[in-house]
Structure formats: structure tokens, C-alpha cells
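Everything below concerns the one structure shown next.
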Amino acid sequence: MKYCLYYRAKIEKELCWIVTSTLRYSEYLVFDRCYDKEQSIFEFFVAPDLQDVFVSIMATFEKHGIVSQLQFLPNRLLDENEQV
């Protein structure tokens, strides 16, 4: 069984709509949601087979200063001690 890969990134608040709409346009690529509203940190659950596509899109956003601090982390939803 495959589980989603998990990423977090900081997104410029006034530009978060660009990131979310771009990712949502790419059906089945990623599920995104806000992780920390105050810090404008988003979390991304990425289809394993599409990781390269996701990373490429995020690199473009980083290049333009829209996204920063992209991190690949353990999937927090698989941790039974994690508060969701």
C-alpha cells in the first residue's frame, strides 16, 4: 500500500491563491491545506508517482519568491500520536 508523501512550505500570503489554484488544476497531483495560518505554512500530500512534477512546480514558485522553506517530512497523518 502506498501513502502520500508529505511536504510543508511557507507561501507568501497574498499569493497563496496562485499556488493552490495551480496545484488543484493538476488533478490527482496533490492535496493542499493550510497548516499554520499565522505563518502562512501550507502542507501538501503528494501522490508518490507524481513527486517529480510537484517538486518541479514548487521550484518554479520558489524561483519567483512565492514559495520558500519547502520541506519533505514524514507524513504526520501516519503518526498515531499526532494531533490532527
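The values are calculated or read from the model by the stated rules, or taken from the named source; none is laboratory data. These numbers were taken from a predicted model, which means no experiment stands behind them. Every residue, glycine as well, gets a Cβ built from its backbone with ideal geometry; the counts of neighbours run over all protein chains shown. When the accessible area is computed, the model is the full protein with side chains, heavy atoms only, and any ligands, DNA or RNA have been set aside. Shrake-Rupley method; radii C 1.70, N 1.55, O 1.52, S 1.80 Å.
Below, the figures for the structure above:
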quantity	calculated
Flag for ILE18 being hydrophobic (A, V, I, L, M, F, W, C) and either out of contact with any helix residue (DSSP H, G or I) (no Cβ under 7 Å at 6 or more places or on another chain) or more than 22 Å from TYR3 (Cα to Cα) (or both)	yes
Scope the range 41-56; condition aliphatic (A, V, I, L, M) and under 18 Å from LYS13 (Cα atoms); matching residues	ILE41
Close pairs from the range 13-39: first open to solvent by 60 Å² or more (accessible area, probe 1.4 Å), partner in a loop (DSSP other than H, G, I, E, B) and of a type in the set (S, T, N, Q), Cβ under 6 Å, at least 6 apart	LYS13/SER40
Residues of the range 58-84 satisfying the condition of being open to solvent by less than 70 Å² (accessible area, probe 1.4 Å), in a helix (DSSP H, G or I) and at pLDDT below 95	ARG76
